[in-house]
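What follows is one structure encoded as structure tokens, with my remarks underneath.
The values are calculated or read from the model by the stated rules, or taken from the named source; none is laboratory data. The model shown is predicted, which means the values in this text are computed figures rather than measured ones. A quick note on method: Cβ atoms are made from the backbone with ideal geometry, for glycine too, and the neighbour counts reach across all protein chains shown. The accessibility values were calculated without ligands, DNA or RNA, using every heavy atom of the protein model including side chains. Shrake-Rupley method; radii C 1.70, N 1.55, O 1.52, S 1.80 Å.
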Amino acid sequence: MRRGLYPGSFDPVTLGHLDIIHRASELVDELIIGVLKNSTKRNLFSTEERIDLLKRVTADLPNVRIISFDGLLVDCAVEYGTHTIIRGLRAVTDFEYELQLAQTNKRLRPDIDTVFLTTNVEYAYLSSSIVREIASYGGDISHFVPQCIMDDVYKKAKRGETV
Ligand code: PNS
């Protein structure tokens, strides 16, 4: 079975992420979405909440599985039996960080490769932090996140508490 691992913070999942998830799920037999647990970042949504949002927006994709991980990404890839890490590339500004991440991971585990999918231009400017900021001011996020999670994002962002 060909598995791919799509890791990230997903705080919260955006339409840009979802576009990558749809396209990546067609490239592999099973797509594992790895939600980073112990980030140094303060998150708006807890790990369990981020998983729940992802489960809801991928409910129509039978070959997608959501898991959480802490520690090294390559260790997560080994644990879940995949040699392929998938990342989205939005703009040239992402490139330096993504290249460093991919090359570091390759040095740590030469048997694991990173594959980049270029983000649909429609979502090239989009990030979870932009969504959090707009939602915190009550702005319109309907073009940025799936409709079924919009209320959850507004509720959390307006309270402004982080976890
Ligand atoms: O959505 P993000 O925040 O851009 O995702 C970043 C992520 C989760 C891919 C990255 O922080 C990560 O892989 N973290 C796990 C620790 C690790 O393995 N770091 C890479 C070696 S530098």
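Any chance the stretch 117-132 includes a residue that's open to solvent by less than 30 Å² (accessible area, probe 1.4 Å) and touching a strand residue (DSSP E or B) at 6+ places or on another chain (Cβ under 7 Å)? Within the stretch 117-132, one or more residues are open to solvent by less than 30 Å² (accessible area, probe 1.4 Å) and touching a strand residue (DSSP E or B) at 6+ places or on another chain (Cβ under 7 Å). Any residue in the stretch 75-96 that is at pLDDT 95 or above, open to solvent by 30 Å² or more (accessible area, probe 1.4 Å), farther than 25 Å from A157 by Cα and within 9 Å of the ligand (Cβ to nearest atom)? Yes, the conditions are met somewhere in the stretch 75-96. The condition of being closer than 22 Å to L72 by Cβ, away from the ligand (no atom under 15 Å from the Cβ) and surrounded by 17 or more Cβ atoms within 10 Å (Cβ to Cβ) holds for only one of R50, R3, that being R3. The set of residues from the stretch 1-36 being acidic (D, E), out of contact with any Leu (no Cβ under 8 Å at 6 or more places or on another chain) and closer than 17 Å to I67 by Cβ comprises D29, E30.
Scanning the stretch 58-74 for residues that are charged (D, E, K, R) and within 12 Å of the ligand (Cβ to nearest atom) turns up just one, D70. Screening K106, K55, K37 for residues that are open to solvent by 60 Å² or more (accessible area, probe 1.4 Å), under 30 Å from D151 (Cβ atoms) and within 13 Å of the ligand (Cβ to nearest atom) leaves exactly one candidate, K37. Selection of the stretch 58-73 for residues being over 14 Å from S9 (Cβ atoms) and surrounded by 20 or more Cβ atoms within 10 Å (Cβ to Cβ) yields T58, V64.
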